[in-house]
Amino acid sequence: MSHQEIEIEFKNLLTFDEFTSLCSAFKVNSTDFFSQENHYFDTPAFSLKEKGCALRVRKKGDNFTLTLKQPATEGLLETHQSVSEKDFLSMKEETEGLIEGPISTILKDELKVDPTEVLYFGSLKTNRVELPYKDGLLVLDESNYMETSDFEVEFEVKNYAEGEKLFHELLTSYGIPLRETKNKIVRFYEAKACSLAAKGDSK
């Protein structure tokens with residue numbers, strides 16, 4: 001089973017104090033958070049990253065969803081495909097590449113990326129709370145990956161221009177500076193590259 005949707009979201013990295021301030025302002029309790037894991041995949045040559053795409057399996061509870069993100073005119077085109085835990089473990093541990101299905105077909109036919117070359121690179125775990133806000137969804141994330149952690153606010157909307165205006169107003173009202181914020185997968189890969197470089201320097 002699969003489906004596609006356009007994702008329009010605005011995001012901004014936060015300091016720990018800004019994160020706790022927003023949690024307080026929106027009356028968020030520790031029990032409101034839930035955990036999810038993102039497991040990232042690409043080819044050894046990072047063919048998907050080079051095309052501005054991202055491939056992940058998200059584990060949420062007992063459910064596993066394979067998602068391909070591709071650039072769109074506004075936001076990102078997301079293709080979601082439900083997978084079993086067995087399929088996920090096979091992709092993660094085996095060397096046969098991506099399981100067959102709609103996303104594998106897109107890689108092969110549209111992106112010209114060989115699905116059999118897809119490998120597992122690692123995981124990012126997020127503690128998340130989601131709140132309805134101004135006809136959109138406000139998300140507060142604490143993410144842990146590669147022995148580091150960061151804090152982030154996201155605003156998911158249907159209308160780009162209106163969403164951007166409301167998001168900037170939100171940041172301004174809480175005295176939070178607008179920061180260039182890369183997607184989680186980019187932050188993960190950059191942290192991984194730094195870790196590998198550090199290991200290389202220590203040899």
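Does at least one position in the stretch 118-125 carry a residue that is more than 27 Å from ASN159 (Cβ to Cβ), over 21 Å from the mean Cα position of the chain (by Cα) and polar (S, T, N, Q)?
Within the stretch 118-125, none of the residues are more than 27 Å from ASN159 (Cβ to Cβ), over 21 Å from the mean Cα position of the chain (by Cα) and polar (S, T, N, Q).
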Practice item. Kindly indicate the residue of the stretch 1-19 that is surrounded by 14 or more Cβ atoms within 10 Å (Cβ to Cβ) and among the polar types (S, T, N, Q) and also farthest from PHE88 (Cα to Cα) among those meeting that condition. Key: ASN12
Check your understanding: Can you list the strands (runs of 3 or more DSSP E) found entirely within the stretch 1-94 that contain at least 2 residues being in contact with a strand residue (DSSP E or B) (Cβ under 6 Å, 6 or more places away or on another chain), farther than 25 Å from GLU164 by Cβ and modelled with pLDDT under 95?
Key -> 2-14
Point to revise | Matching residues in the stretch 49-69 - criterion: being closer than 30 Å to THR172 by Cβ and either touching a Gly at 6+ places or on another chain (Cβ under 6 Å) or touching a residue at least 24 places away in the same chain (Cβ under 8 Å) (or both) | key: ALA54, LYS69
Study note, to complete from the structure: Within the stretch 95-106, the residues that are in contact with a helix residue (DSSP H, G or I) (Cβ under 7 Å, 6 or more places away or on another chain) and either without any contact (Cβ under 8 Å) to a residue 12 or more places away in the chain or not in a loop (DSSP other than H, G, I, E, B) (or both) are SER104
Practice item. Could you look through the stretch 129-188, keep only residues that are under 26 Å from LYS49 (Cβ atoms) and of a type in the set (S, T, N, Q), and pick out the one that is surrounded by the most Cβ atoms within 10 Å (Cβ to Cβ)? Key: SER143
Study note, to complete from the structure: Restricting the stretch 25-48 to residues that are surrounded by fewer than 17 Cβ atoms within 10 Å (Cβ to Cβ), of a type in the set (D, E, K, R) and touching a residue at least 12 places away in the same chain (Cβ under 8 Å), the one farthest from SER82 (Cα to Cα) turns out to be ASP32
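The values are calculated or read from the model by the stated rules, or taken from the named source; none is laboratory data. This is a predicted model, so every value here is computed, not measured. Quick reminder, even Gly has a Cβ in these numbers, built from the backbone with ideal geometry, and neighbours come from all protein chains shown.
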